[in-house]
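Written below as structure tokens is the structure these notes are about.
Values in this text are rule-based calculations from the coordinates and carry no lab data. Only a predicted model underlies this, so the values are computations on that prediction, with no experimental measurement involved. Here the Cβ positions follow ideal geometry from the backbone for every residue, glycine too, while neighbour counts run over all protein chains shown.
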Amino acid sequence: MHQVAAVNAIAFFFFWLLVLLAGADKPPPPRFLWLIPLLLLCAAAVYWRVPAYINWSQTRPPGRFLRVALEGLAAGLIVALVAAAVAAAASRNAPSGRDFAIWLAVLGLMGVLNSVTLYGLNSIPAWRNHA
């Protein structure tokens, strides 16, 4: 199971690194590098949660889908708050209330989509057995 979790974490890290690089200026600014430790922490969380998701897909406890979604929401909000704090400290500017609300909503939704995708992929026995 740890091998499957490691494959998930590595794939998560490189997928999001490529997405962030695609959206960054060319070449990325030096402050882009602070995203690497944040991505590594997120990948570590993926590694930690995937065994639970595999277990839930096999044992089918009630409320598992809601819990997966809520875990993703919480993770997305934590990432949004950390990123906003780092950005605010670097620029000494705080985003407007509306911009900050949008930021929280988008990263919260992305967290839900990430956790649901991880749960779904790890619910496929053939994927688990070949990873």
For the range 29-77 the number of residues that are surrounded by fewer than 17 Cβ atoms within 10 Å (Cβ to Cβ) and closer than 23 Å to ASP99 by Cα is 8
Of all residues making up the range 45-68, the number that are more than 20 Å from ALA11 (Cα to Cα) and of a type in the set (A, V, I, L, M, F, W, C): 3
Which of the helices (runs of 4 or more DSSP H) found entirely inside the range 30-131 contain at least 3 residues meeting this: of a type outside the set (D, E, K, R), in contact with a Ser or Thr (Cβ under 6 Å, 6 or more places away or on another chain) and touching a residue at least 60 places away in the same chain (Cβ under 8 Å)? none
Quick check: is even one residue across the range 34-41 under 30 Å from SER123 (Cβ atoms) and either touching a Lys or Arg at 6+ places or on another chain (Cβ under 9 Å) or aromatic (Phe, Trp, Tyr) (or both)? no
